[in-house]
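A short worksheet on the structure shown next.
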């Protein structure tokens, strides 16, 4: 629970919620309030770079909203960002846990965010927009508190997915960069090949 994404079963995939805080102590307090406020499954609960803290939960939409609202209320000024994603795309879970094997590599796309919560929303939007494979979601570790997602597929699908996902982050004013690479070198995929 502390450092890796917990395994998820189908019933947990109805909705996810995430809170991102600027204080570790406030993060523990917020996690406790989330879990006491609603029937939730704790998927991830850990520190992230730049002294931040994140809590990722799953459950039905009403419970996830109640948990995120409870965390936001108790965290007050320590809350950096939060999200609730109803009907979360199942592709997010293997991408979060690093268990994806590449199936196509005509094009590679990346979305980079200053916020973990905004990036998770962007990744969900990207895979729901176009037929792409979500390769990875990297959340703030060794990134100075930033986050990024990698997708691959046909050039047109990757472009559509990256544009849609980046728009989500951009609306929050937290977009660092977005890029689409046609015919990328195989080495860029690392151990996902």
When residue 95 is run through (1) within 19 Å of residue 51 (Cβ to Cβ); (2) at pLDDT below 95, the failure sits at (1)
ask   = Are any of the residues in the stretch 155-172 buried (at least 16 other Cβ atoms within 10 Å of the Cβ), in contact (Cβ under 8 Å) with a residue 60 or more places away in the chain and closer than 20 Å to residue 22 by Cβ?
value = yes
Going through (1) at pLDDT 95 or above; (2) more than 19 Å from residue 168 (Cα to Cα) one by one, residue 125 fails only at (2)
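The values are calculated or read from the model by the stated rules, or taken from the named source; none is laboratory data. Treat the numbers as computed from the prediction; the structure is a model and nothing was measured. Every residue, glycine among them, receives a Cβ derived from its backbone with ideal geometry; neighbour counts consider all protein chains shown.
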